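Structure first, then comments.
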Amino acid sequence: EAARCNSTVMEEDLDRLGSGEYSDYYTTLQSIGKGAFGFVKMGRRNKDDTQVVVKFIRKSKIFSNNWWTDPEYGRLPLEVALLTQLSHQNIVKMVMEKHGSGMDLFEFIDRQPNFDEALASYMFRQLIDGVAYLHSKMIVHRDIKDENVILNERFQIKIIDFGSAAYFERGKVFSTFCGTLEYCAPEVIQGNKYEGPELEMWAIGVTLYTLVFGENPFYDIEETIEASLKPPFPVSNELMQLVAWLLHPEPEWRCTLKNMVGNAWLHQPCDLSEYKGNRSYQKECPHHIMKGEANPPTISFTFLGDFPYGTATN
Ligand code: ADP
Ligand code: MG
Ligand code: MG
């Protein structure tokens, strides 16, 4: 079976690459995803028929502070530069081996037949491992959500989409947000500047809630600010406590990565053989058909004085 790779190529480079590089090496096939900043297509590496996933990034959609000057490659989108520097089993690579059938967590949640805490814990702790790795490199992803996590048939997950990522520093604050509104922390929605990790923990909490309950915890700004949880069915106390701690409206009281070390729910055993062969966990339809129109758009806003000034980017 051909391997699947993931590579990121810039749209305007296609002209240059077209006369020698990209199109000599790769054939572009059908579209599998479209986001605010470009589109993602299947492709084939010509020399060995290896399946690849190619992300085309619209340079014009990249904000000025999301560019990076690399000593070797020159001016690159930060998203591309970051991927060249990262190496972890739960983080996508610039060029990676086949990873599942291209299912993301959004789609998985959609098809999930019965909710199972052990399996949720197994996937969620890989997300935590990936984010802990990023934070140890002083990188915040800033767009953690179900559709930016892909998984394979063995429930191994990888974090993708570094289009909103940035380097952070303790004591230094961001004054712009460029992520997904439904995953944005209440203090940031209300116009407060933020260090980074506390915003990420909130988004992780929204992702956990969505994975567990199959619906968003908050659907608009008012609901996010109110931050009251109305789960559609009961789960274990340990799980509900973790969800509520991650979704604590006060950033200083919110669960941190450190707080999760040794958490019993997070480290519970999971027997993967129990889920083997369950067709609901396998991808059948082309990705873009499965996803429909339900994807929340990525939004960005810049703080002008005390108020966030919002513009939807798609
Ligand atoms: P955007 O910044 O536009 O959101 P993403 O990098 O998130 O772009 O890619 C858009 C979608 O394409 C993802 O949500 C995912 O479904 C799909 N996708 C991206 N990279 C891969 C990959 N390596 N393997 C499978 N699917 C992918
Ligand atoms: Mg994305
Ligand atoms: Mg993105």
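The values are calculated or read from the model by the stated rules, or taken from the named source; none is laboratory data. What you see is a predicted model; the values in this text were computed from it and never measured. No Cβ is skipped: glycine too gets one built from the backbone with ideal geometry, and neighbour counts run over all protein chains shown.
Odds and ends about this structure:
- Scanning the range 166-192 for residues that are closer than 17 Å to Leu86 by Cα and either among the charged types (D, E, K, R) or assigned to a loop (DSSP other than H, G, I, E, B) (or both) returns a single hit, Phe168.
- Count of the range 208-224 residues which are surrounded by 15 or more Cβ atoms within 10 Å (Cβ to Cβ), in contact with a helix residue (DSSP H, G or I) (Cβ under 6 Å, 6 or more places away or on another chain) and not aromatic (Phe, Trp, Tyr): 8
- Residue that is modelled with the highest pLDDT [pool: residues in the range 50-105 that are buried (at least 17 other Cβ atoms within 10 Å of the Cβ) and among the small types (Gly, Ala, Ser)]: Ala81
- Pairs linking a residue in the range 146-165 that is more than 14 Å from Leu82 (Cβ to Cβ) and of a type in the set (Asp, Glu) to a residue that is within 9 Å of ligand 2 (Cβ to nearest atom) and modelled with pLDDT under 90, with Cβ atoms under 8 Å and 6 or more positions apart or on different chains, are Asp146/Asp104; Glu147/Asp104; Glu147/Asn295.
- Pair list, Cβ < 9 Å and 6+ apart or interchain, from the range 73-88 residues that are over 16 Å from Lys158 (Cα atoms) and basic (Lys, Arg) to residues that are part of a strand (DSSP E or B) and away from ligand 3 (no atom under 12 Å from the Cβ): Arg75/Trp67; Arg75/Trp68; Arg75/Thr69
- The set of residues in the range 134-165 that are away from ligand 3 (no atom under 14 Å from the Cβ) and either at pLDDT below 95 or under 21 Å from Glu107 (Cα atoms) (or both) comprises Leu151, Asn152, Glu153, Arg154, Phe155, Gln156, Ile157, Lys158.
- Qualifying residue in the range 63-70 (condition: within 11 Å of ligand 1 (Cβ to nearest atom), of a type in the set (Asp, Glu) and either outside any strand (DSSP E or B) or in contact with a strand residue (DSSP E or B) (Cβ under 9 Å, 6 or more places away or on another chain) (or both)): no
- Condition met for Phe108 (within 13 Å of ligand 1 (Cβ to nearest atom) and either in contact with a Phe, Trp or Tyr (Cβ under 6 Å, 6 or more places away or on another chain) or modelled with pLDDT under 95 (or both)): yes
- Among the numbered conditions (1) of a type outside the set (Ser, Thr, Tyr); (2) more than 16 Å from ligand 1 (Cβ to nearest atom); (3) surrounded by 24 or more Cβ atoms within 10 Å (Cβ to Cβ); (4) modelled with pLDDT under 95, the only one that Ala185 does not meet is (4).
- Flag if Ala118 is away from ligand 3 (no atom under 16 Å from the Cβ), modelled with pLDDT of 90 or more, small (Gly, Ala, Ser) and more than 28 Å from Trp68 (Cβ to Cβ): yes
- Here Cys5 clears all of (1) part of a helix (DSSP H, G or I); (2) at pLDDT below 80; (3) closer than 23 Å to Tyr133 by Cα except the condition numbered (1).
- Residue that is surrounded by fewer than 20 Cβ atoms within 10 Å (Cβ to Cβ), among the hydrophobic types (A, V, I, L, M, F, W, C) and not in a strand (DSSP E or B), where the choices are Phe155, Phe162: Phe155
- Among the residues of the range 132-159, those identified as polar (S, T, N, Q) and away from ligand 1 (no atom under 11 Å from the Cβ) are Ser136, Gln156.
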